[in-house]
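Student: Below is one structure. I have some questions about it.
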Amino acid sequence: YYYVEVTDDMQNSISSEVKSFIITEEPAELLICTDEITTSMPLGETDERVISISNDGLLPLDWSMGWESLVISDPEGDQTGDSPDIIAVYADRTSNNEFFFKIEFADEINPETFNAYLMLDTDLDPETGWTGEELFGYSGWGIGVDYMIVFDHGNLWGQGSWAFLLRPSTNTPYGFRRIEVEGNTLSVKYPLYFFADDEIVHLAAYVETDDGFDAAPDEGYSIIGQPGIAEWLDHDLKTGRVHAGESVDINIEMNSKNVTPGTYETQLVVRSTDPLLPVYPIPVTLNVLSDQAGVLSFVFDEQVEDPVINHQANTIEVLVEASANLSELVAHFALSEGATAYVEGVTQVSGSTANNFTEPVIYSVVAEDGINQVDWTVTVSKEVSSPDITEDQFSIHPNPTDGFFTLELMGYDGASKQYIEIFGIYGNMVLRKDLPAQSQHSLDLTGNPAGIYFVRLVVGNETYLKRLIKR
């Protein structure tokens, strides 16, 4: 047997009796060829990738894989004084029931020149625990701090270069853990039982120097805790050992079955016994493409009133000036996120592409996912001008209407015969009715579809025209 004692750079020692040991300049060496994973997919799809972990060293390589979720994104440059600038906080529960925390700064850091803190509200009650004002004079978070992790790499608290926990009930440091410092990040792991096995935690971060500070987020807090925050990502192997010259494949699955359209980001992290590369992060991005193919707005410079967009019938009706040239109208429109519009195969550019609207035009809107397509019929009509129309003589209200409206003719003497005709935007008559000898009439279009209508009132030899919008 041999007696072996090993001391690390923190002067921590372990010793043991062993039958054999190897002294080599070629220990386990991690080799991964995947730098990042990015994919885009429609809703309800799955994409699979493979990450190969190889060992180019002489000793066995022990490894584990988990993920880090971005839980706080903080604006760059919002720190005060000479404080380091927090730009992100990552946190998650690992498969070993540990909480993992990492603070990322804008620049490389010297952790001996500042203190960093993570505030955890484990009972989710802002009325219990410390407040931000009590701790730092900061009021932006609105949480009750039940636990505070102190990153004291510079031993400013006199407890050594450790991360440790504080609680309001005792205010005595405990739970000392090694701080991992790498470039512009600080990280630490804590077993879940340190936090009374609370699964959901509200989280905020703070860093301070003698002459400045930064808080993240600036307002509110983040939520962490449930295993598999990145529910759109999974992998089949969590830990393992790779012998010298061998490799292992890890199957990665990304899916969009339980998420909404948008961009999702996390980091797969491989931790290993490679002394030169103990942590290997792999950024993962999933773009879930929208299936929406809607028209959100649609206007012309020549229009005389807001268009009528019917999202059930997929129709758009627009009334433009009588002098407008229908053969060369340019539409300004907004579509669902990521969608594209085509007219007879020609890509439409809002505010640029002209079309001939003397007849109804079909806008084919293709969703971001490239699968769903909705055809929208755009009908444009010119305003009808008439010298007999005056606003103070003939009125319709309410306009727009949901169906019921009142027609009123000012100064009517009751002697002339009167009747009303209502036409759709295509010139089809939808109503004709003789009216009694009175100046006010109640009418109903509830059985007709939404759109633009023209109301013609004939009183004796006089004709009055009005447009009416039905919602």
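Student: Residue check, Val201 against (1) at pLDDT below 85; (2) out of contact with any helix residue (DSSP H, G or I) (no Cβ under 8 Å at 6 or more places or on another chain), all met but one. Which one?
Tutor: Evaluating Val201 over (1) at pLDDT below 85; (2) out of contact with any helix residue (DSSP H, G or I) (no Cβ under 8 Å at 6 or more places or on another chain) leaves (2) as the failure.
Student: Test Leu31 against the criterion of being in a strand (DSSP E or B), farther than 28 Å from Ile224 by Cα, in contact with an Asp or Glu (Cβ under 7 Å, 6 or more places away or on another chain) and modelled with pLDDT of 75 or more, and give yes or no.
Tutor: Details: in a strand (DSSP E or B): yes; farther than 28 Å from Ile224 by Cα: yes; in contact with an Asp or Glu (Cβ under 7 Å, 6 or more places away or on another chain): yes; modelled with pLDDT of 75 or more: yes.
Yes.
Per-residue answers, yes or no, for (1) in a loop (DSSP other than H, G, I, E, B); (2) buried (at least 18 other Cβ atoms within 10 Å of the Cβ); (3) among the polar types (S, T, N, Q); (4) at pLDDT 90 or above:
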{"position": "Thr390", "(1), (2), (3), (4)": "yes, no, yes, no"}
{"position": "Phe405", "(1), (2), (3), (4)": "no, yes, no, yes"}
{"position": "Tyr419", "(1), (2), (3), (4)": "no, no, no, no"}
{"position": "Gly427", "(1), (2), (3), (4)": "yes, no, no, no"}
{"position": "Gln438", "(1), (2), (3), (4)": "yes, no, yes, no"}
{"position": "Ser442", "(1), (2), (3), (4)": "no, no, yes, yes"}
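Student: Starting from residues that are more than 28 Å from the chain's Cα centre (by Cα) and under 28 Å from Met41 (Cα atoms), keep the ones in the range 322-362 and report whichever is surrounded by the fewest Cβ atoms within 10 Å (Cβ to Cβ). Reasoning before the result, please.
Tutor: Initial filter on the range 322-362 (more than 28 Å from the chain's Cα centre (by Cα)): 322-331, 343-346, 352-362.
Narrowing further to those that are under 28 Å from Met41 (Cα atoms): 343-346, 362.
Numbers: Val343: 16, Glu344: 8, Gly345: 6, Val346: 10, Ile362: 12.
Per the criteria, the residue is Gly345.
Listed here are the residues, each with its yes/no results for (1) of a type in the set (Gly, Ala, Ser); (2) under 22 Å from Arg271 (Cα atoms); (3) touching a residue at least 12 places away in the same chain (Cβ under 8 Å).
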position: Ser169; (1), (2), (3): yes, no, no
position: Tyr174; (1), (2), (3): no, no, no
position: Lys189; (1), (2), (3): no, yes, yes
position: Phe195; (1), (2), (3): no, no, yes
position: Val201; (1), (2), (3): no, no, yes
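Student: While we're on this one: Name the residue that is modelled with the highest pLDDT, counting only residues in the range 63-84 that are within 30 Å of Ser247 (Cβ to Cβ) and of a type in the set (A, V, I, L, M). Walk me through it before giving the result.
Tutor: If we filter the range 63-84 for residues that are within 30 Å of Ser247 (Cβ to Cβ), which is where we start, we get 63-70.
In the following step, the residues that additionally are of a type in the set (A, V, I, L, M) were identified as 65, 70.
On the way: Met65: 83, Leu70: 76.
Of everything passing the filter in the range 63-84, Met65 is modelled with the highest pLDDT.
Student: Then there's this: When the range 288-308 is examined, which residues are found to be part of a strand (DSSP E or B) and at pLDDT 90 or above? Write out each step before concluding.
Tutor: Filtering the range 288-308 for residues part of a strand (DSSP E or B) gives 288-289, 295-300, 303, 308.
Matches in the range 288-308: Val288, Leu289, Val295, Leu296, Ser297, Phe298, Val299, Phe300, Gln303.
Student: In the range 309-321, what count of residues is obtained for those that are assigned to a strand (DSSP E or B) and surrounded by fewer than 19 Cβ atoms within 10 Å (Cβ to Cβ)? Walk me through it before giving the result.
Tutor: Taking the range 309-321 as the starting set, the residues that turn out to be assigned to a strand (DSSP E or B) are 309-310, 315-320.
Remaining after also requiring surrounded by fewer than 19 Cβ atoms within 10 Å (Cβ to Cβ): 310.
So the answer is 1.
Student: OK, next. In the range 344-367, how many residues are in contact with a Ser or Thr (Cβ under 7 Å, 6 or more places away or on another chain) and within 22 Å of Gln312 (Cβ to Cβ)?
Tutor: Qualifying residue count, the range 344-367: 4.
Student: For the range 37-82: of the residues being hydrophobic (A, V, I, L, M, F, W, C) and under 23 Å from the mean Cα position of the chain (by Cα), which is farthest from Leu237 (Cα to Cα)?
Tutor: First, pick out the residues of the range 37-82 that are hydrophobic (A, V, I, L, M, F, W, C): 37, 41, 43, 50-51, 53, 58-59, 61, 63, 65, 67, 70-72.
The next check asks that each one be under 23 Å from the mean Cα position of the chain (by Cα); those that pass are 37, 41, 43, 67, 70-72.
Numbers: Ile37: 17, Met41: 24, Leu43: 26, Trp67: 12, Leu70: 22, Val71: 24, Ile72: 28 Å.
The selected residue is Ile72.
Student: Considering (1) in contact (Cβ under 8 Å) with a residue 60 or more places away in the chain; (2) surrounded by fewer than 16 Cβ atoms within 10 Å (Cβ to Cβ); (3) not hydroxyl-bearing (Ser, Thr, Tyr), say which one Glu112 fails and leave the rest.
Tutor: Unmet for Glu112, out of (1) in contact (Cβ under 8 Å) with a residue 60 or more places away in the chain; (2) surrounded by fewer than 16 Cβ atoms within 10 Å (Cβ to Cβ); (3) not hydroxyl-bearing (Ser, Thr, Tyr): (1).
Student: Moving on. Kindly indicate which of Leu58, Leu120, Leu70 is of a type in the set (A, V, I, L, M, F, W, C), touching a residue at least 12 places away in the same chain (Cβ under 8 Å) and not in a strand (DSSP E or B).
Tutor: Numbers: Leu120 fails: not in a strand (DSSP E or B); Leu70 fails: not in a strand (DSSP E or B).
One residue alone meets the criteria, Leu58.
Here is a yes/no grid of residues against (1) part of a loop (DSSP other than H, G, I, E, B); (2) over 30 Å from Asn55 (Cβ atoms); (3) of a type outside the set (Lys, Arg):
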| position | (1), (2), (3) |
| --- | --- |
| Gln159 | yes, yes, yes |
| Asn171 | yes, yes, yes |
| Ser187 | no, no, yes |
| Phe194 | no, yes, yes |
| Asp218 | yes, yes, yes |
| Val248 | no, no, yes |
| Met254 | no, no, yes |
| Lys257 | yes, yes, no |
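The values are calculated or read from the model by the stated rules, or taken from the named source; none is laboratory data. These numbers come from a predicted model, not from an experiment. Glycine gets a Cβ as well: all are built from the backbone with ideal geometry, and neighbour counts include every protein chain shown.
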